[in-house]
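First comes the structure, then the notes that go with it.
What follows draws every value from the coordinates through simple rules; no lab data is involved. Quick caveat, the model's predicted, so the values are computed rather than measured. Methodologically, a virtual Cβ is constructed for each residue, glycine included, from the backbone with ideal geometry; neighbour enumeration extends over all protein chains shown.
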Amino acid sequence: MECEGIAGIEQFSSPGKGRGLRVSRAYEAGELLFSCPAYSYILSVNERGFICEQCFTRKKGLAKCGKCKKAFYCNVNCQKKNWPMHKLECHAMCVYGENWCPSETVRLVARIIARLVRYKKHFITLFVETESMNMEDMDNEKRELNEAHIAGLHHFYSKHLDFPDHQALLTLLSQVHCNGFTVEDEELSSLGLAIFPDIALLNHSCCPNVIVTYRGINAEVRAVQKISPGQEIYTSYIDLLYPTEDRIERLRDIYYFSCDCKECTTKSMDMEKMKVRKLSDEISQKEIRDMVCYARNAMEDFRRLLEMCELSIDKMNTVFDDANIYILHMMYQAMGICLFMENYDGAVRYGEKVMKPYTVLYPAYSLNIASMYLKMGRLYMALDRKSTGISALQKALAIMEVVHGKDHTYVTELKQEIRGE
């Protein structure tokens, strides 16, 4: 059956995966398959004052809400359109002040419930045929988190919303958990959370043939390789940098399934991703496993501490090659810490070590690679290395024209940046 309202795309039963989408005509790399508006969405609190709450346009001179003075809009039209959702929070923010602190998940679920009530629909209709996690599969930590979300809903929104029963809320939270999207900008910084029911129909593959990007509150699906008629459309739910074992573990933990794509079956990139040093004494498998455990723990424990990152890199360097993904991850974190500390020379040093392996380990049209070229280009420009900076920005542009489309605001603004406008 043709996917409702989307020409050239049809919904079908994907073997072993449930529902899925496939194309009924050919698409070339860079071509837009379809776009869809968010059903419901929230702007991250950290982005308030920089981005319009209604349309997610980033601009200067936004007008603030006259009541709470915490929500910002392009103009009166955007404010009026957003009021049915903003009113859930406006009064509460005034009352609670600094104590107003619902999680982003709670804020999104509240808006979903409000919209369904407004249009007199039962919440389950939003996720028809979409997957949710099995409640029995959740560990205690996830159960406790869901209970905390429900408590947050009642605490911050009970004056404005009538909630379904407890089990229905648990089901809705699990569906949002599995089908929610983090809306990101061109540098992959999080802007907020959203629900896109049509995008949620896409199945996962570690060899994706499409990529999802954002234009305001619309999600766009573009081909990153040639897709023939009848082929299923696959996106990736997770970061593809990591080796098969890590990817499968993450998919099981978040989405409760394993991937059987070509890359997960052949593990063709694992050796490249898990490079070890060539030493006179061969490194044993036990040493590699021990170092993997160390690297995983280090990534969690020392993510924001530059000194610990550097110590971890030194330690891992005794076994791992510089292009090993655990070394790359730690250097990427170190780069971020340097940026936060305004140590731009240090950020460039780590970024240059990360950049080349990224272009080997990620697919050619990767948002991660484009983001790194953007960061590096802007760093070079800030350090008066103009020609090197423009070269990096042009490489980012070449990828962004495919994954975002040549008419996207991000692409237009980057072209102006390159021209020095």
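Figures for the structure shown
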quantity: Per-q log10 I(q)/I(0), the stretch 362-421, q = 0.24 Å⁻¹ (Debye; single scatterer per alpha-carbon; no solvent); calculated: -0.92
quantity: Order by protection proxy (mean Cβ within 10 Å, highest first), peptides 93-101, 110-118, 152-160; calculated: 110-118, 152-160, 93-101
quantity: Cα→Cβ-extended label distance, 7 Å offset, between Lys262 and Glu104, nm; calculated: 3.3 nm
quantity: Stretch gain in nm, segment Asn317-Asp407, where the contour uses 0.36 nm per residue and the Cα spacing is subtracted; calculated: 28.1 nm
quantity: Whole-Hz couplings from phi, Karplus 6.51/-1.76/1.60, listed for the stretch 352-364; x for Gly and Pro; calculated: 5, 6, 7, 4, 4, x, 4, 5, 8, 8, 8, x, 4
quantity: Alpha-carbon Rg with Dmax, taken over the stretch 146-298, Å; calculated: 20.1, 70
quantity: Residues Cys74, Cys338 arranged by fewest to most Cβ contacts within 10 Å; calculated: Cys74, Cys338
quantity: At R0 = 56 Å, FRET efficiency that the Cβ-Cβ distance of Lys87 and Ser13 yields, to 0.05; calculated: 0.85
quantity: Distance in nm between pseudo-label sites at Glu184 and Cys94 (7 Å out along the Cβ direction from Cα); calculated: 3.8 nm
quantity: Karplus (6.51, -1.76, 1.60) ³J(HN,Hα), θ = phi - 60°, over the stretch 241-257, in Hz, Gly and Pro reported as x; calculated: 5, 7, x, 3, 4, 5, 5, 4, 4, 5, 4, 5, 5, 9, 10, 6, 8
quantity: For the chain, calculated [θ]222 nm from helices alone, where every DSSP H run of n ≥ 4 adds -39500 (n - 2.57); calculated: -15000 deg cm²/dmol
quantity: The stretch 11-65: projected area of the alpha-carbon convex hull, averaged over directions, in nm²; calculated: 6.9 nm²
quantity: Residues with amide H under 5 Å from that of Val276, placed H, sequence gap 5 or more; calculated: Asp321
quantity: Which of Asp246, Asp253, Asp384 has the fewest Cβ neighbours within 10 Å, and the rest in rising order; calculated: Asp384, Asp253, Asp246
quantity: Under 21 Å from Lys406, Cα to Cα: lysines that are on another chain or at least 8 residues apart; calculated: Lys59, Lys226, Lys375, Lys395, Lys415
quantity: In order through the stretch 409-421: 3J(HN,Hα) via Karplus (6.51 cos²θ - 1.76 cosθ + 1.60), integer Hz, x for Gly, Pro; calculated: 4, 4, 5, 4, 5, 5, 4, 5, 5, 5, 6, x, 7
